[in-house]
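Please treat every number below as a calculation from the coordinates, not as lab data. Just so it is clear, the model here is predicted, and its values are computed rather than measured. Reconstructed Cβ throughout: ideal geometry from the backbone, glycine too, with neighbour counts over all protein chains shown.
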Amino acid sequence: MDRRVNLGPRHRGVPRIVWAVFIGLFLGALFSRLAIRYLPDSAAREFLTTSVSASVGPLGIDLVAFSFVVGPVVLNLNVLSIVGIVVVALIMRSWWF
């Protein structure tokens with residue numbers, strides 16, 4: 001008797017979306033650095049590289065045996081970050097149905 005659980009397409013897509021966003025943010029950060037370095041000072045460069053930041057932390061956790069601090073975690077989002085996420089999502093969609 002086979003007792004495998006069929007997760008269906010909706011549940012299989014969540015890790016794929018998380019990976020697409022995670023890798024896309026790194027690709028967008030690379031695009032941003034390249035734009036800052038190679039584009040001349042112009043309105044296009046300002047538009048592409050102006051970012052909005054959100055941060056959480058620091059979060060301190062103190063257990064009896066040890067303690068640690070996580071953070072602050074900062075998310076910088078700009079137009080090129082969104083472009084990176086879209087590029088990675090399209091590549092992942094073409095490779096994995």
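Within the stretch 13-41, what residues put their amide N at less than 15 Å from the label point 7 Å along the Cα-to-Cβ vector of W95?
So the set is 16-27.
Test of understanding: extend the Cα→C-beta vector of V87 to 7 Å, then name every residue of the stretch 29-54 with backbone N under 15 Å from that spot.
29-39, 48-49, by backbone N distance to the label point.
In deg cm²/dmol and to the nearest 500, what is the mean residue ellipticity at 222 nm of the chain if only DSSP H runs of at least 4 residues count, each as -39500 (n - 2.57), divided by the residue total?
-19500 deg cm²/dmol
Placing unit charges on C-beta atoms (Lys and Arg positive, Asp and Glu negative, everything else neutral), compute the dipole magnitude of the chain about its Cα centre in debye, rounded to 20.
About 480 debye.
Arranged from highest to lowest average of other beta-carbon atoms within 10 Å per residue, in what order do the peptides 31-37, 60-66 appear?
Packing proxy ranking, top to bottom: 31-37, 60-66.
Tell me, in nm to one decimal, what length is gained between S42 and D62 on full extension, where the rule is 0.36 nm per residue of separation less the Cα-Cα distance?
Working it through step by step, the gained length comes to 2.3 nm.
Taking Cα extents along the principal axes in Å as the quantity of interest, determine which of (i) 66, 48, 16; (ii) 45, 30, 22; (iii) 51, 34, 28 was computed from the displayed structure.
The calculated read-out lines up with (i).
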